[in-house]
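One structure is given below, encoded as structure tokens.
Read-outs: derived from the displayed coordinates by stated rules, not from any lab. Quick caveat: nothing in here was measured; it's all calculated off a predicted structure. Using ideal geometry, Cβ is built from the backbone for each residue, glycine included, and neighbour counts are taken over all protein chains shown.
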């Protein structure tokens, strides 16, 4: 059942710098209805700090109404475990090329050791455990680490209410600064579609994410120290990974983003502003 074709290490040398990557290739791999049914173990040589994981592959649908955005990979190994969304978009019959990049384990360390690739679908279109699609082929490149750049983001105030319109498979990015520790309420209440939220710090670490908070809208409650933070707002089925890695889902519409300190923190914020006025 194992369909691993190659596991190749390629090294590129520059003046004073050594960069390396490893490529893992699969053919004829089912994208199964649920996680844990189609798994493969691959040994990576390592010898470098893992950066982005890039992939490219061609998937063929086996069931009606299968969406590209439902193609998933659970990846686990020496640096941890997590989920990568491999595809995007809606129906793609009979087949389509998908590619992307993930920072799921970026900067976490040397990837040397055994990794498990688990291919599945986020929604079961076939029923009875039947595969929803097949990867005719898919290649993964484990690359060297380099410091990532933060996303282009709209700067917003605290507190604030921001409105706009988001299209399918788009992620809206926002950035805010706070000068003291605050209990924050970040939500999309009042939006006109099924939203999801992710919260990142200024190093790209994923602090929290939320799908539904008592309805189709999302909410993150968090105590945040003074600093800079990023919010990623996407539609249903958005995947949030570390290092500012967010892959948008298909839901779209008019959004409302509310960024508000909790009542006790509002008092602290007001007192801080008053003290600043008195110094002038």
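Relative to the current alpha-carbon distance between residue 64 and residue 45, full extension at 0.36 nm per residue lengthens the span by 2.9 nm.
Take every Cα pair under 8 Å whose residues are at least 6 apart in sequence, average their separation, divide by the length of segment 4-144, and the relative contact order is 40 percent.
To the nearest µm²/s, what D does Stokes-Einstein give for segment 159-216 at 37 °C and 0.692 mPa s, using the Kirkwood radius over alpha carbon pairs as Rh? Walk me through the numbers on the way to the answer.
Details: Rh = 13.3 Å.
Here the translational diffusion coefficient equals 247 µm²/s.
Could you order peptides 148-161, 184-197, 42-55 by the average number of other Cβ atoms within 10 Å of their residues, highest first?
Values: 148-161: 13.5, 184-197: 21.1, 42-55: 19.1.
Averaged packing, sorted descending, gives the order 184-197, 42-55, 148-161.
How much FRET efficiency would the formula 1/(1 + (r/R0)^6) give for residue 162 and residue 110, where r is the Cβ-Cβ distance and R0 is 41 Å, rounded to 0.05?
Numbers: r = 41 Å, r/R0 = 1.00.
E between residue 162 and residue 110, to the nearest 0.05, is 0.50.
Across all C-alpha atoms in segment 4-144, the radius of gyration and Dmax reach 15.4, 56 Å.
Could you work out the percent of alpha carbon pairs in segment 154-279 separated by over 25 Å, rounded to a whole number? Each step should come with its number before you reach the end.
Numbers: 1719 of 7875 pairs.
In whole percent, the share of Cα-Cα pairs in segment 154-279 beyond 25 Å is 22.
Return one number: the angle in degrees, 0 to 90 and rounded to the nearest 10, between the long axis of the Cα atoms of helix 263-279 and the longest principal axis of the Cα atoms of the chain. That works out to roughly 60 degrees.
Per-residue counts of other Cβ atoms within 10 Å, averaged by peptide: what ranking do you get for 27-34, 90-97, 101-108, 230-237, highest first? Walk me through the numbers on the way to the answer.
Numbers: 27-34: 19.0, 90-97: 13.5, 101-108: 20.9, 230-237: 23.2.
Order by mean packing, descending: 230-237, 101-108, 27-34, 90-97.
Test of understanding: express the Cα radius of gyration of segment 101-182 as a ratio to 2.2 N^0.38 Å, with N the residue count. Could you put the intermediate results ahead of the total?
Values: Rg = 19.8 Å, N = 82, 2.2 N^0.38 = 11.7 Å.
Normalised by 2.2 N^0.38 Å, the Cα Rg of segment 101-182 equals 1.68.
Short-range pairs are left out: with C-alpha atoms under 8 Å and at least six residues apart, the relative contact order of the chain is 20 percent. Placing one equal scatterer on every Cα of segment 85-226 and applying the Debye formula, the log10 ratio I(q)/I(0) at q = 0.16, 0.22 Å⁻¹ is -1.18, -1.47.
Over the chain, consider all pairs of different Cα atoms and compute the Kirkwood hydrodynamic radius from their mean reciprocal separation; express it in Å, one decimal.
This gives a value of 20.4 Å.
Inter-part distance, segment 188-211 to segment 78-129, computed on C-alpha centroids, equals 21 Å.
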